[in-house]
Amino acid sequence: MAEYFKGIGQVKYEGSTSKNPLAFKHYNADEKVGDKTMKEHLRFAVAWWHTFSALGADMFGDGTLERPWLAAADPVQQAKDMADAAFEFMDKIGIDYFCFHDRDLVAEAPSLKETNERLDEIAAYIKDKMKASGKKLLWGTSNLTGNSRFMHGAATNPNAEVFAFAAAKVQKALSITKDLNGEGYVFWGGREGYETLLNTDMGLELGNLARFLGLAVGYADKIGFKGHFYIEPKPKEPTKHQYDFDVAAGYAFLQKYGLLNKFKFNIETNHATLAGHTVQHELHYARVNGILGSVDANQGDMLLGWYTDIFPTDVYGTTMMMIEILRNGGLPGGLNFDAKVRRGSFKTDDLFYGHIAGMDCFAKSLKAAHGLLESRELDDFLEKRYESWKTGVGAEIVQGKATLEGLAEYALAHDSPKSESGRQELLESIVMRYLYA
């Protein structure tokens with residue numbers, strides 16, 4: 001079996017003063033942060049698509065990346081070589097989990113039957129490698145966007161035959177995920193939306209999307225799949241009006257169609273940006289509604305404003321994320337690096353530099369967020385700011401005992417209420433103290 005990352009051994013923790021580019025500066029897998037190790041807190045996963053099967057093409061140019069494991073002409077052999085490279089990489093970087101789309105594992109064949117046969121063969125190959133290495137599948141999914149048949153969507157396509165084809169792909173991907181003991185399954189509706197209402201029956205499309213998800217849930221029950229189901233909001237990617245625009249839109253959709261008890265959310269930093277939110281907002285909204293499940297760990301380029309999926313290096317931003325994740329008690333779906341090296345970073349070792357930077361970024365943020373929460377400086381401020389809701393008229397409102405007339409009488413008797421300072425700059429300075437300690 002070929003060695004694809006020659007000259008690179010096991011990446012180790014060397015501490016913040018190390019200048020070794022192939023060493024961790026902050027991520028120390030066995031270091032305890034609270035009652036868990038960093039490895040237990042962070043549960044990183046490698047994304048098969050950006051890391052192994054992508055070639056770095058974009059809308060303006062061809063692929064640039066050197067990927068020797070994609071050299072074989074036979075698609076199944078190419079898929080096996082890619083799996084060899086993936087497990088070598090995961091072993092050397094020290095990541096225990098991976099995630100995939102069906103189309104990442106092996107190229108589509110001319111027919112669905114042949115595609116499924118290819119998937120079965122490569123899934124069996126990966127299963128053997130998982131058994132030998134101890135690596136695990138965090139979650140699987142199906143690519144329902146790339147092929148031209150999905151130009152008008154998959155579950156929301158105006159053609160019922162395309163809906164059926166998409167259902168067949170999900171059935172196969174879900175079966176493989178279950179067979180590989182995957183801990184979850186993600187639905188990302190890259191083209192579930194519309195460009196113009198002039199040719200769109202939105203009511204039918206939304207209903208069909210709900211029916212599609214319901215069929216998947218039913219099939220999961222039938223085959224005994226016990227993993228979590230996740231919805232991944234994807235604004236502007238690429239449809240102008242996405243039905244799964246953000247967590248709030250997804251939450252309302254699940255409520256309407258009675259699916260809320262079956263799904264949580266897989267939240268991506270870059271998608272939050274495209275929706276006009278911070279990722280902290282998306283994580284917080286999901287957390288307070290009990291639907292925070294998983295995170296696509298990446299970031300976008302704020303000057304480009306479009307989909308870039310680069311590795312996270314903004315420690316302040318990831319600290320805000322870790323505050324929400326720790327308050328959530330962790331993530332059942334973990335942190336997957338849905339992140340790619342730039343087109344100009346075309347060497348295979350660049351994959352290590354990107355993942356090391358992302359892992360160090362989250363490790364630094366984990367410690368900062370844990371320190372902040374342990375100190376209770378933010379919590380104590382919040383409690384004081386909202387203390388008026390615990391007694392008197394505030395408690396009556398919260399408990400549903402207040403009436404509009406009673407509140408009007410109260411306001412007449414307690415005229416001119418005064419506001420306190422929000423102290424945003426003070427709070428930011430507290431965060432910075434922990435961030436750069």
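The values are calculated or read from the model by the stated rules, or taken from the named source; none is laboratory data. None of these values were measured; they are calculated from a predicted model. Cβ atoms come from the backbone with ideal geometry, glycine included; neighbour counts cover every protein chain shown. Surface areas here come from the heavy atoms of the whole protein model, side chains and all, with no ligands, DNA or RNA. Shrake-Rupley method; radii C 1.70, N 1.55, O 1.52, S 1.80 Å.
Here's the yes/no breakdown for (1) assigned to a loop (DSSP other than H, G, I, E, B); (2) open to solvent by less than 30 Å² (accessible area, probe 1.4 Å); (3) not hydrophobic (A, V, I, L, M, F, W, C):
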site	(1), (2), (3)
Ile176	no, yes, no
Gly190	yes, yes, yes
Leu204	no, no, no
Phe212	no, yes, no
Ala216	no, yes, no
Tyr219	no, no, yes
Lys226	yes, no, yes
Any residue at all in the stretch 268-288 that is in contact with a helix residue (DSSP H, G or I) (Cβ under 8 Å, 6 or more places away or on another chain), on the phi > 0 side of the Ramachandran plot and assigned to a loop (DSSP other than H, G, I, E, B)? no
For residues in the stretch 333-370 being touching a strand residue (DSSP E or B) at 6+ places or on another chain (Cβ under 9 Å) and surrounded by fewer than 18 Cβ atoms within 10 Å (Cβ to Cβ), which is farthest from Lys136 (Cα to Cα)? Arg343
Give me the residue from the stretch 253-311 that is touching a strand residue (DSSP E or B) at 6+ places or on another chain (Cβ under 7 Å) and charged (D, E, K, R) and, out of that set, most open to solvent (accessible area, probe 1.4 Å). Lys262
Go through the stretch 98-133 and give me each residue that's of a type outside the set (S, T, N, Q), over 11 Å from Ala79 (Cα atoms) and surrounded by 19 or more Cβ atoms within 10 Å (Cβ to Cβ). Phe98, Cys99, Phe100, His101, Asp102
Restricting the stretch 312-326 to residues that are assigned to a helix (DSSP H, G or I) and open to solvent by 10 Å² or more (accessible area, probe 1.4 Å), which is farthest from Ala437 (Cα to Cα)? Leu326
The stretch 212-234 residues that are without any contact (Cβ under 8 Å) to a residue 40 or more places away in the chain and under 13 Å from Val170 (Cα atoms), paired with ones that are among the basic types (Lys, Arg) and buried (at least 20 other Cβ atoms within 10 Å of the Cβ) (beta carbon under 7 Å, 6 or more apart): none
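Is it the case that some residue within the stretch 412-431 is within 30 Å of Thr37 (Cα to Cα) and either open to solvent by 80 Å² or more (accessible area, probe 1.4 Å) or at pLDDT below 95 (or both)?
Looking through the stretch 412-431, none of the residues is within 30 Å of Thr37 (Cα to Cα) and either open to solvent by 80 Å² or more (accessible area, probe 1.4 Å) or at pLDDT below 95 (or both).
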Lys136 vs. criteria surrounded by 16 or more Cβ atoms within 10 Å (Cβ to Cβ), closer than 20 Å to Phe337 by Cα and among the charged types (D, E, K, R): yes
Of residues in the stretch 36-85 being under 23 Å from the mean Cα position of the chain (by Cα) and basic (Lys, Arg), the one nearest to Asp120 (Cα to Cα): Arg43
Need pairs with beta-carbon distance below 6 Å; first residue more than 16 Å from Tyr219 (Cβ to Cβ) and within the stretch 179-197, second open to solvent by 40 Å² or more (accessible area, probe 1.4 Å) and at pLDDT below 95; sequence gap 6+ or separate chains. Gly193/His241; Tyr194/His241; Glu195/Lys240
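Within the stretch 375-392, can one find any residue that is touching a helix residue (DSSP H, G or I) at 6+ places or on another chain (Cβ under 7 Å) and either surrounded by fewer than 12 Cβ atoms within 10 Å (Cβ to Cβ) or not in a helix (DSSP H, G or I) (or both)?
Taking the stretch 375-392 first, the residues touching a helix residue (DSSP H, G or I) at 6+ places or on another chain (Cβ under 7 Å) are 377-378, 381, 388-389.
Retained after the next criterion (residues that are either surrounded by fewer than 12 Cβ atoms within 10 Å (Cβ to Cβ) or not in a helix (DSSP H, G or I) (or both)): none.
No: zero hits.
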Of the conditions (1) on the phi > 0 side of the Ramachandran plot; (2) small (Gly, Ala, Ser); (3) touching an Asp or Glu at 6+ places or on another chain (Cβ under 6 Å), the single one that Ala339 does not satisfy is (1)
Any idea which residue in the stretch 85-112 is nearest to Ala166 (Cα to Cα), counting only those that are of a type in the set (Asp, Glu) and outside any loop (DSSP other than H, G, I, E, B)? Asp102
What single numbered condition from (1) in contact (Cβ under 8 Å) with a residue 40 or more places away in the chain; (2) in a loop (DSSP other than H, G, I, E, B); (3) charged (D, E, K, R) fails to hold for Lys401? (1)
Scope the stretch 252-310; condition β-branched (Val, Ile, Thr) and more than 20 Å from Leu42 (Cβ to Cβ); matching residues: Thr273, Thr278, Val288, Ile291, Thr308
Residues of the stretch 314-357 satisfying the condition of being within 30 Å of Arg376 (Cβ to Cβ), aliphatic (A, V, I, L, M) and within 17 Å of the chain's Cα centre (by Cα): Met320, Met321, Met322, Ile323, Ile325, Leu326, Leu331, Leu335
Checked the stretch 21-56 for anything in contact (Cβ under 8 Å) with a residue 40 or more places away in the chain, farther than 19 Å from Ser365 by Cα and open to solvent by 20 Å² or more (accessible area, probe 1.4 Å); matches are Pro21, Leu22, Trp49, His50, Ser53, Ala54
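Looking at the stretch 291-304 only, could you name the residues that are more than 15 Å from Glu183 (Cβ to Cβ) and in contact (Cβ under 8 Å) with a residue 24 or more places away in the chain?
Ile291, Leu292, Asp296, Ala297, Asn298, Gln299, Gly300, Met302
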In the stretch 27-57, residues that are touching an Asp or Glu at 6+ places or on another chain (Cβ under 6 Å) and in a loop (DSSP other than H, G, I, E, B) total 1
Among the numbered conditions (1) under 26 Å from His101 (Cβ atoms); (2) open to solvent by 10 Å² or more (accessible area, probe 1.4 Å), tell me where Gly329 comes up short. (1)
